[in-house]
1. Any idea which residue in the stretch 38-57 is surrounded by the fewest Cβ atoms within 10 Å (Cβ to Cβ), counting only those that are in a helix (DSSP H, G or I) and touching a strand residue (DSSP E or B) at 6+ places or on another chain (Cβ under 6 Å)?
2. In a helix (DSSP H, G or I) and out of contact with any helix residue (DSSP H, G or I) (no Cβ under 8 Å at 6 or more places or on another chain): does that describe residue 151?
3. Kindly indicate the residue of the stretch 197-214 that is at pLDDT below 95 and surrounded by 13 or more Cβ atoms within 10 Å (Cβ to Cβ) and also farthest from the chain's Cα centre (by Cα) among those meeting that condition.
4. Anything in the stretch 163-186 that is part of a helix (DSSP H, G or I), touching a residue at least 24 places away in the same chain (Cβ under 8 Å) and surrounded by 14 or more Cβ atoms within 10 Å (Cβ to Cβ)? List them, or say none.
5. Taking the stretch 196-212 as the search range and keeping residues that are in contact with a helix residue (DSSP H, G or I) (Cβ under 9 Å, 6 or more places away or on another chain) and assigned to a loop (DSSP other than H, G, I, E, B), which one is farthest from residue 226 (Cα to Cα)?
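The values are calculated or read from the model by the stated rules, or taken from the named source; none is laboratory data. Because the structure is predicted, anything quoted here is derived from the model rather than measured. We place every Cβ from the backbone using ideal geometry, glycine too, and count neighbours over all the protein chains shown.
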């Protein structure tokens, strides 16, 4: 079992010694294109993509007492409970889980950097690592912020075809009052995609790419390459 306290101590030391020169982090809001840019950069540069929720690889070995947020979904018996939570309950869970994700994600990166096949490759990371930690372990040539208008994340959340979001949407439609379930989740999205969160990312001190419907994926890759200097 992976234990949070021991990993926190390990990473306090590992942060001092990890060579992150070939690691490029992407953070930002929902619907900004983080997963797409990570995937496209890795493909173009023959690199390694650590895509959205890459921490899931460690889920089976996590101690539920040390990682209650991450293991909540792992051990959930009825997923309807997930969508029935109040916005306050959901946001509290999300904030705690994000902190747990940082511990696990740094562990994965540390392990990857030790593998011979990864040492000469660029690693592109769609990450939950917080702004303060990224300032401590990286720099403005290795961290990119991607932003979409908060309203886009709220109103187009279920437009995306990925299975996870469509699964949640189907759960809401199965509720006794589907509209109430959808309204509750929209309120959750408003909390997550808040102006406060947007401004925090905008003023993080890292370079920003704004979502632009008229810009192609290839053009976005060129912008990211300029920021990363690759």
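1. The extreme case among them is 39.
2. On the way: in a helix (DSSP H, G or I): yes; out of contact with any helix residue (DSSP H, G or I) (no Cβ under 8 Å at 6 or more places or on another chain): yes.
Considered against the rule, which asks whether it is in a helix (DSSP H, G or I) and out of contact with any helix residue (DSSP H, G or I) (no Cβ under 8 Å at 6 or more places or on another chain), residue 151 comes out as yes.
3. Of everything passing the filter in the stretch 197-214, 211 is farthest from the chain's Cα centre (by Cα).
4. So in the stretch 163-186, the residues part of a helix (DSSP H, G or I) come out as 163-173, 178-186.
Add one more test, that the residue is touching a residue at least 24 places away in the same chain (Cβ under 8 Å), and what stays is 167-168, 171-172, 181, 184-186.
If the condition is that a residue be part of a helix (DSSP H, G or I), touching a residue at least 24 places away in the same chain (Cβ under 8 Å) and surrounded by 14 or more Cβ atoms within 10 Å (Cβ to Cβ), then 168, 171, 172, 181, 184, 185, 186 are the ones that fit.
5. We begin by selecting, within the stretch 196-212, every residue in contact with a helix residue (DSSP H, G or I) (Cβ under 9 Å, 6 or more places away or on another chain); these are 197-198, 200-201, 204-209, 211-212.
With assigned to a loop (DSSP other than H, G, I, E, B) added as a condition, the list becomes 204-207, 211-212.
On the way: 204: 19, 205: 17, 206: 13, 207: 10, 211: 16, 212: 17 Å.
The residue in question is 204.
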